[in-house]
1. Among 36, 102, which is assigned to a strand (DSSP E or B), open to solvent by less than 80 Å² (accessible area, probe 1.4 Å) and at negative phi?
2. Before we move on, is residue 3 under 15 Å from residue 90 (Cα atoms), modelled with pLDDT of 95 or more, in contact with a strand residue (DSSP E or B) (Cβ under 6 Å, 6 or more places away or on another chain) and aliphatic (A, V, I, L, M)?
3. Looking only at residues in region 56-79 that are open to solvent by 50 Å² or more (accessible area, probe 1.4 Å) and of a type in the set (Gly, Ala, Ser), which one is farthest from the chain's Cα centre (by Cα)?
4. Could you tell me which of the residues 97, 120 is open to solvent by less than 60 Å² (accessible area, probe 1.4 Å), modelled with pLDDT of 95 or more, β-branched (Val, Ile, Thr) and under 19 Å from residue 16 (Cα atoms)?
5. I'm trying to understand the selection: among the residues of region 80-93, which are more than 21 Å from residue 29 (Cβ to Cβ) and either surrounded by fewer than 16 Cβ atoms within 10 Å (Cβ to Cβ) or under 11 Å from the mean Cα position of the chain (by Cα) (or both)?
6. Considering every residue within region 9-30, establish whether at least one is small (Gly, Ala, Ser) and closer than 13 Å to residue 96 by Cβ.
7. Could you give every pair whose Cβ atoms fall below 9 Å, whose first residue belongs to region 74-98 and is without any contact (Cβ under 8 Å) to a residue 60 or more places away in the chain and outside any strand (DSSP E or B), and whose second residue is among the acidic types (Asp, Glu) and open to solvent by 40 Å² or more (accessible area, probe 1.4 Å), counting only separations of at least 6 or pairs across chains?
Amino acid sequence: VQLIESGGGLVQAGGSLTLSCEPSRDIGMTFAMGWIRQATGKEREFVASITWNGAGTYYGDSVKGRFTVSRENGKNKMTLQMYKVRPEDTALYYCVVAPGEITSADDNMSYWGKGTLVTVSS
């Protein structure tokens, strides 16, 4: 299974960007989905996640109130809406899928995407 990410690119500080992710084939509907990011020279950081049924969402402290994660009803297509982006949001954003809740970059993930690069200019 591949996780196909899209939507990365260059954006000015204060702007918005939307990332999307969906698996290359059906993996069933019991997985949580999320985003992990890694900036150059830094450790991986939990960004956001959504439970298998879309009922629960979690956010990293640095993006709370600025990013919104959602999941298409009944599907494994996930979207991350990024608002009021900052230069420190610059990173490679990975889509992840896990059997349990995702609240940390160290959680046991079933699948990882290859990453989509987000660059925020000041």
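1. Selected residue: 36, the only one of 36, 102 that is assigned to a strand (DSSP E or B), open to solvent by less than 80 Å² (accessible area, probe 1.4 Å) and at negative phi.
2. no
3. Only one residue tops the list, namely 74.
4. 120
5. Within region 80-93, 81, 82, 83, 84, 86, 87, 88, 92, 93 qualify.
6. no
7. 75/22; 76/22; 76/26; 77/22
The values are calculated or read from the model by the stated rules, or taken from the named source; none is laboratory data. This structure is a prediction, so every number in the text was calculated from the model and none was measured. Note: ideal-geometry Cβ built from the backbone for every residue, glycine included; neighbour counts use all protein chains shown. Accessible surface is based on the protein model in full, side chains and every heavy atom, while ligands, DNA and RNA are left aside. Shrake-Rupley method; radii C 1.70, N 1.55, O 1.52, S 1.80 Å.
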